[in-house]
1. What's the longest bit of the chain with no exposed chymotrypsin sites (Phe, Trp or Tyr not before Pro), using DSSP loop states and at most 15 other Cβ atoms within 10 Å as the test?
2. Expressed in nm², what is the orientationally averaged projection area of the convex hull enclosing the Cα positions of the stretch 90-142?
3. If one computes the Cα centroid of the stretch 350-389 and of the stretch 130-172, what distance in Å separates the two points?
4. On the accessible surface of the stretch 45-293, probed at 1.4 Å, how many percent belong to carbon and sulfur atoms?
5. Just to check I understand the Karplus step: with θ = phi - 60° and J = 6.51 cos²θ - 1.76 cosθ + 1.60, what whole-Hz values come out for the stretch 83-94, glycine and proline as x?
6. In whole Å, what is the distance between the alpha-carbon centres of the stretch 300-327 and the stretch 197-272?
7. Can you list the residues, at least 5 places off or on another chain, whose amide H is less than 5 Å from the amide H of Asp30, using H built in the peptide plane?
8. Would you work out if the stretch 9-138 is rounded, prolate or oblate? Take a ≥ b ≥ c from the square roots of the eigenvalues of the alpha-carbon gyration tensor; rounded if a/c is under 1.5, else prolate when a/b is larger than b/c, oblate otherwise.
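The values are calculated or read from the model by the stated rules, or taken from the named source; none is laboratory data. Only a predicted model underlies this, so the values are computations on that prediction, with no experimental measurement involved. When we count neighbours, we look across all protein chains shown, and the Cβ atoms used for this are built from the backbone with ideal geometry, even at glycine. For the accessible areas, the whole protein counts, side chains as well, though only heavy atoms, and no ligand, DNA or RNA atoms are used. Shrake-Rupley method; radii C 1.70, N 1.55, O 1.52, S 1.80 Å.
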Amino acid sequence: MRSTRLTWDPPENALAAVARAAAAGGALLDLTDSNPTVVGLPYPTRALAAALARAPLADYRPAPLGLPSARAAVAADYARAGVAVDPDRIVLTASSSESYGFLFKLCCDPGDVVLVPEPSYPLFEYLARLEGVVPLGYRLAFDGVWHIDFASIGETLATARRAGQRPRALIVVNPNNPTGSFIKRDELARLAALCGETDLALISDEVFAPYPSGPDRARVSTVALEPLFEAAGPAFSLGGLSKASGLPQLKLGWIVVGGREASNSVAALELIADTYLSVATPVQAALGDLLALGAEVRAAITTRIAQNRAALTEALPPTSACTLLPAEGGWSAILRLPASLSDEAWATALIVEDHVLTHPGYFFDLRGGTFLVVSLLPRPELFRTAIARLVARVDVALR
Ligand SMILES: Cc1ncc(COP(=O)(O)O)c(C=O)c1O
């Protein structure tokens, strides 16, 4: 007996089967790896171990929103980036995925709608469905830069209402994965107006905000703290150790609560968090040290991303039929390929012929072209070799 929240036995993704078969004949060069702990980055492991060893192990005093010292440590980390956050507005969770779960429980009844950006992070479908909530997409458009397609938000809201569904929250990923685009000031004003008019909460996933690249074109970094939302509606910004400090294994995320009725939202989140009490005490006790040490890991990740992005630019001369889309942040790069093959066919050919693993664009709902998405985290030698094979594959196909 199973719920109908998910399709529990989905057919295996065709590309995954091809990759498994190809991997049997020798290791693939994996350009999809976005786990920072397995790509040869220097971690201050001794100092991390010492920080965790200092945490009291036989002392448990449940604090649903997180230990006051840990919430203060997150606020201090924002302060280091020049952002003032009241620790009372910070709620700790075990991950961003759990933050979404808490916020869907807070904002939605079963069957309610959350609007999710497309292209974006493929996990939304699961995160929403597992909470009994319906994810409906709205588009981001690319015309040299990425921006929110506000007309498509209107269409999605109308579709939901025609189906008798109640839209309750709109998600932005800031900067988005994989487009790397930040929310801009003018978009923020339109989002606030929209949330106010249509009674939507805004959830801004800012896990990649510590990784800006390129010029700052009026980007907004902590949406929940924007004064525009004080009247418009509830607003939440998500962050976490997994990306900010490259420490996904320590399982700690946070929600910055802002916007209208922020203290009521914190009180309601406290009730939800008290039901689970999911964040382990030692990681909370060590959080100040972990965030400080995380700065080193973050610097190493930033260097790696810049190095691999430079390698991509170098490997793709302006005459190449494969082009790199511009990005303002994040850990991914999007490559536009000739439309002579579908994204899946390019990804398959790369696996079978070249032993290179990439994500086809459809995986992230990229449309309007033929795209592959690659992670910028892999080891530079592997990255360069794999990209050279990809460029050669495009050249061969066009000959
Ligand atoms: C946009 C976005 N949000 C959240 C996450 C996951 O974060 P966490 O490990 O804190 O659940 C990811 C992981 O890749 C992501 O791409």
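1. With chymotrypsin sites (Phe, Trp or Tyr not before Pro) excluded where exposed in loops, the chain gives 61-399 as its longest stretch.
2. Reported value for the Cα convex hull: 4.1 nm².
3. 28 Å
4. C and S atoms contribute 55 percent here.
5. Calculated HN-Hα couplings, in order: 10, 8, 10, 6, x, 5, 9, 10, 10, 8, 9, 7 Hz.
6. 29 Å
7. Long-range HN contacts for Asp30: Leu357.
8. It is oblate, given that a/c is not under 1.5 and a/b is not larger than b/c.
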